[in-house]
Structure formats: C-alpha cells, structure tokens
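**Q** Provided herewith is a single structure, encoded as structure tokens, for subsequent inquiry.
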Amino acid sequence: MNTNEPVIEVTDLRRVYGGGFEAVRGVSFEVARGELFALLGTNGAGKTSTVELIEGLARPSGGQVRVLGHDPYSERSAVRPRIGLMLQEGGFPSELTVSETVRMWAGCTSGARPESEALSLVGLTRRADVRVKQLSGGEKRRLDLALALLGRPEVLFLDEPTTGLDAEGRQETWELVRELRAQGTTVLLTTHYLEEAEGLADRLAILHAGKIAVSGTPAEVTASQPSRISFELPSGYFPGDLPPLDSLGVTGHEVTGRVIRLRTNELQRAATGLLTWAEQAGVELRGLDIRSGSLEEAFLRIARHVSEQDAQAERAGQAGQTEQSQFSEKEHVA
C-alpha cells in the first residue's frame with residue numbers, strides 16, 4: 001500500500017446554488033492515505049458545502065472530486081461502503097434506544113462492527129437502553145460518531161465532531177481520532193475549534209468566501225504570523241527610553257496608555273534584547289506576556305485581510321459601474 005497516494009483529490013471544485021450564489025469557488029487540495037486534513041473557515045465560508053460534495057451528497061457545479069479513485073456522486077456504490085460520515089446532525093428516530101439505533105444502522109452497513117464494540121469506542125455502553133430523545137447533545141454526537149465508525153471506514157468525514165461535548169468528552173474524542181489515524185484511517189475534519197485542528201491535523205486549509213485563503217501544516221500556517229510581546233512601561237519611563245525597536249527585530253508596535261505591544265518575527269531576539277534592557281535598567285516589566293503566533297491569530301488575520309480585499313474589489317466594481325453609467329448618460333445626451 002502506498003501511504004503517500006492521494007485518497008481524496010479535489011480539483012477546482014465549485015458549487016452554485018439556486019439564484020446564482022457560488023458557495024464554493026475553485027477549491028483544490030489532496031489528502032494522503034492516513035492523513036488528517038482539517039478544513040477551517042468562518043460561518044458561510046463554504047466548509048459544509050465543500051464537504052458535502054466530497055462525500056457525494058451532491059453533484060459539483062464544476063471541477064472534480066475523487067475519493068479512493070472514484071467519483072463519490074456518480075460512483076457512490078463503490079465509495080459508500082468504504083467511508084464513514086459524521087454529519088452535523090444525525091436525525092435519528094427519537095423513540096429508538098441507542099442499542100436499537102446502532103442495530104438498525106448496522107443492518108445497512110457492510111461488515112459492521114459488533115454493537116458492543118461501537119458503543120464502547122465512544123463511551124456509550126451504559127446508555128445502550130436509553131431512548132435517543134433522552135440523550136444529551138454531547139451523547140447524541142457520540143452516537144453520531146459510533147455510527148460513522150460502524151463499517152471500519154478507510155476514509156472518515158467528521159463535520160464538527162465535538163460540538164456539544166464537554167471538555168472531557170472532547171479530549172476522549174480527540175484520542176479516539178488519533179488512534180484511528182494511527183491505524184491508517186484517512187480523516188477529513190471540519191471544526192470551529194481551532195485548538196482541535198491545531199492538535200489533530202497533519203495539514204489544514206482555511207476557507208474564506210468559498211476559496212482557500214491559506215493551507216499547510218499547522219506550524220507553517222502559524223509561523224506566517226508575527227509573535228507578540230506586551231508589557232507595562234515602568235514608572236517614569238516612556239516609549240522613547242526603550243532600545244531602538246528595529247534593533248530588536250520588532251516589525252510593529254502599539255502603545256495604549258502605559259502598555260506597549262510589540263510584533264516580531266524574531267521572538268527570541270526581541271525578548272532577549274528587551275529583558276537585557278530591563279535588567280540593566282533595574283526595572284520590572286509588569287504584565288509581561290510573550291507568545292508565539294497562534295492559529296487563531298492566523299485565522300483572524302486571514303479573514304480580515306480577505307474581507308478587506310473583497311471590500312476593495314466591490315468598491316472598485318461599484319466605481320466602475322458608476323463611471324460606465326456616467327459615460328452612457330453623456331453618450332446619450334450627445
């Protein structure tokens with residue numbers, strides 16, 4: 001088995017809804033066997049629309065999807081037995097018990113795990129005789145996951161898998177996903193929890209307005225963001241008393257009252273220079289906070305940047321329409 005072969009191949013994928021709204025606008029990426037790939041994005045970024053196309057739940061408006069070498073929509077019978085789907089909402093019959101729900105689902109699944117094994121994986125063994133309607137939101141998500149794992153899938157789609165789970169349940173789910181990946185399962189994850197993507201994903205992509213704004217390993221994406229140092233100026237000192245900021249590798253700074261915030265791509269150099277200055281001056285930097293760039297900062301910065309670009313493009317388009325309209329009016333008068 002070639003562990004580097006692409007199990008999921010997405011090429012220039014597009015999805016247009018009625019009325020002409022283009023939710024997915026030319027998305028391309030690959031996921032290798034045994035890899036966990038996370039799709040992130042703001043609300044309405046196109047995550048769910050993209051995943052539904054890859055799962056074969058809808059036909060793309062353009063582009064191409066291949067899962068395990070097949071078109072997941074037109075060759076669904078070749079793909080469906082080899083994948084597991086955990087949707088945002090399962091929609092189970094509320095009057096069935098957990099055990100009855102698993103048995104019903106197993107009857108439609110080739111090579112299904114034993115019921116006891118499926119429930120044990122997600123910590124629902126003691127809730128087997130409880131009706132679905134009596135489960136908490138977190139327990140329903142566990143049941144969703146149990147059914148997604150019934151067929152021992154080669155490819156597992158997890159759409160917001162830990163929504164509604166408490167901290168313990170989230171950690172248990174993360175450990176289970178890590179075990180599945182270690183066993184060779186390929187995972188495509190969408191999540192609003194950035195720490196979830198950062199802790200689990202081999203690679204990730206951030207979607208915005210139907211396009212991939214950035215992709216790479218979590219470390220590559222966060223490394224593109226500046227580190228930050230903040231502190232309170234000692235009494236009697238002013239920003240000009242600090243050593244030259246460019247000599248510390250500082251790329252930008254903000255001053256709010258007595259609080260200084262520095263941005264740098266050379267965190268060790270900047271922190272060392274600042275602390276050396278403070279020691280030589282015999283002062284304490286109260287509220288000192290030194291931190292590397294985070295995925296959250298990358299996410300927010302990308303979203304703001306792309307939004308600003310879209311706004312500029314929209315303004316340019318409106319200006320062009322106004323100019324064309326004025327030209328047409330002049331031409332008509334002439």
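The values are calculated or read from the model by the stated rules, or taken from the named source; none is laboratory data. This one's a predicted model, so the numbers in the text were calculated from it and none came from an experiment. Cβ placement follows ideal geometry from the backbone for every residue including glycine, while neighbour counts extend to all protein chains displayed. Note: areas computed on protein heavy atoms with side chains; ligands, DNA, RNA excluded. Shrake-Rupley method; radii C 1.70, N 1.55, O 1.52, S 1.80 Å.
**Q** Where the Cα atoms of the stretch 226-291 are projected onto their three principal axes, how long is each span, largest first, in whole Å?
**A** 29, 24, 19
**Q** Continuing with this model, one more query. Sort ASP166, ASP289 from largest to smallest accessible area, using a 1.4 Å probe on the heavy atoms of the protein chains. Walk me through the intermediate numbers first.
**A** On the way: ASP166 95, ASP289 50 Å².
The residues order as ASP166, ASP289, largest area first.
**Q** Still on this structure, please answer the following. Which whole-number percent gives the relative contact order of the chain, counting Cα pairs below 8 Å spaced six or more residues apart? Intermediate results must be reported in sequence, preceding the final value.
**A** Working: 571 pairs, mean separation 58.0, N = 334.
For the chain, the relative contact order is 17 percent.
**Q** Which net charge results when you count Lys and Arg as +1 and Asp and Glu as -1 among the other residues whose beta-carbon is under 11 Å from that of GLY151? Could the numbers behind the result be given before it?
**A** Working: positive: ARG80, ARG82, ARG113, ARG152; negative: GLU154.
Charge balance near GLY151 sits at +3.
**Q** Could you give the DSSP H helices of the chain that reach 15 angstrom or more along their long axis (alpha carbon positions) and whose average Kyte-Doolittle hydropathy is no lower than -1.0? Can you show the working numbers first?
**A** Working: long enough: 137-148 (17 Å, -0.47); 167-182 (23 Å, -1.10); 267-281 (21 Å, 0.06); 295-333 (57 Å, -1.02).
Once both thresholds are applied, what remains is 137-148, 267-281.
**Q** Could you tell me what a quarter of the Cα convex hull surface of the chain works out to, in nm² with one decimal place? Don't skip to the answer; put the middle values down first.
**A** Working: hull surface 105.6 nm².
Over all viewing directions, the chain projects a mean Cα-hull area of 26.4 nm².
**Q** If you don't mind, another one. Comparing ASP12, ASP71, ASP246, which has the greatest mean-square fluctuation in the GNM of the chain with Cα pairs linked when under 10 Å apart?
**A** Comparing ASP12, ASP71, ASP246 in a Gaussian network model of the chain, the most mobile one is ASP246.
**Q** Zone of THR251 (label point 7 Å along Cα→Cβ, backbone N under 17 Å): which residues in the stretch 275-297?
**A** Under 17 Å, as judged by backbone N against the label point of THR251, lie 291-297 of the stretch 275-297.
**Q** Per residue, how many Å² of accessible area does the chain show with a 1.4 Å probe? Each step should come with its number before you reach the end.
**A** Working: 17440 Å² over 334 residues.
Dividing the accessible area of the chain by its residue count gives 52 Å².
**Q** Then there's this: Report in % the part of the accessible area of the stretch 152-310 that belongs to carbon and sulfur, leaving out ligands and nucleic acids; probe 1.4 Å. It would help to have the intermediate numbers written out before the result.
**A** Details: 3830 of 8000 Å².
Here carbon and sulfur together make up 48 percent of the probe-accessible area.
**Q** So between THR97 and ALA58, what do we pick up on full extension, going 0.36 nm a residue minus the alpha carbon distance?
**A** Values: separation 39, 0.36 × 39 = 14.04 nm, distance 3.06 nm.
Full extension of this stretch gives 11.0 nm more.
**Q** Please give the residues of the stretch 218-240, grouped as numeric ranges, whose backbone N is less than 14 Å from a label point set 7 Å along the Cα-to-Cβ vector of ARG304.
**A** Under cut-off, by backbone N: 225-228.
**Q** Also, I was wondering about something else. 7 Å from Cα along Cα→Cβ at both GLN268 and GLU296: what's the point-to-point distance in nm?
**A** Here the answer is 2.6 nm between the modelled labels.
**Q** Okay, next question. Of the listed peptides 158-164, 195-201, 174-180, what is their order by residue-averaged count of other C-beta atoms within 10 Å, with the highest listed first?
**A** Values: 158-164: 21.7, 195-201: 19.6, 174-180: 16.1.
In descending order of packing, they fall as 158-164, 195-201, 174-180.
**Q** Let me ask you something else. Ordering TYR17, TYR193 by how much accessible area each has at a 1.4 Å probe, largest first, what is the list?
**A** Details: TYR17 85, TYR193 65 Å².
Descending accessible area places them as TYR17, TYR193.
**Q** Taking the Cα centre of each part, how many Å lie between the stretch 1-56 and the stretch 188-211?
**A** 12 Å
**Q** Mean-square fluctuation check for the chain, GNM, Cα pairs under 10 Å: which of LEU13, LEU145, LEU248 is largest?
**A** With Cα springs under 10 Å in the chain, the top fluctuation among LEU13, LEU145, LEU248 is at LEU248.
**Q** Among the aspartates and glutamates, select those whose C-alpha is under 18 Å from the C-alpha of LYS140, and discard any that sit fewer than 8 residues away in the same chain.
**A** Reachable aspartates and glutamates: GLU89, GLU95, GLU100, GLU115, GLU117, ASP129, ASP159, GLU160, ASP166, GLU168, GLU172.
**Q** Could you work out the mean projected area of the convex hull around the alpha carbons of the stretch 1-142, in square nanometres to one decimal? List each step's numbers first, then the result.
**A** Numbers: hull surface 41.4 nm².
Averaged projected hull area, Cα only: 10.4 nm².
**Q** Using a 1.4 angstrom probe on the protein heavy atoms only, could you order HIS192, HIS208 from most to least accessible area? Provide the component values of the computation, followed by the final result.
**A** Working: HIS192 95, HIS208 25 Å².
Largest accessible area first, the residues go HIS192, HIS208.
**Q** Same structure, new question: Separation between the VAL130 and ARG261 pseudo-spin-labels, each 7 Å from Cα along Cα→Cβ, expressed in nm?
**A** It works out to 4.3 nm between the two label points.
**Q** Go ahead and estimate [θ] at 222 nm for the chain from helices alone: -39,500 (n - 2.57) per DSSP H run with n ≥ 4, summed, over the residue count, rounded to 500. Working shown, then result.
**A** On the way: 10 runs with 124 residues, N = 334.
The helix contribution divided over the chain gives -11500 deg cm²/dmol.
**Q** Using a 1.4 angstrom probe on heavy atoms only, work out the carbon and sulfur share of the accessible area of the stretch 1-147 in %. If you can, show how the numbers build up before the last one.
**A** Values: 3220 of 7120 Å².
Its accessible area is 45 percent carbon and sulfur atoms.
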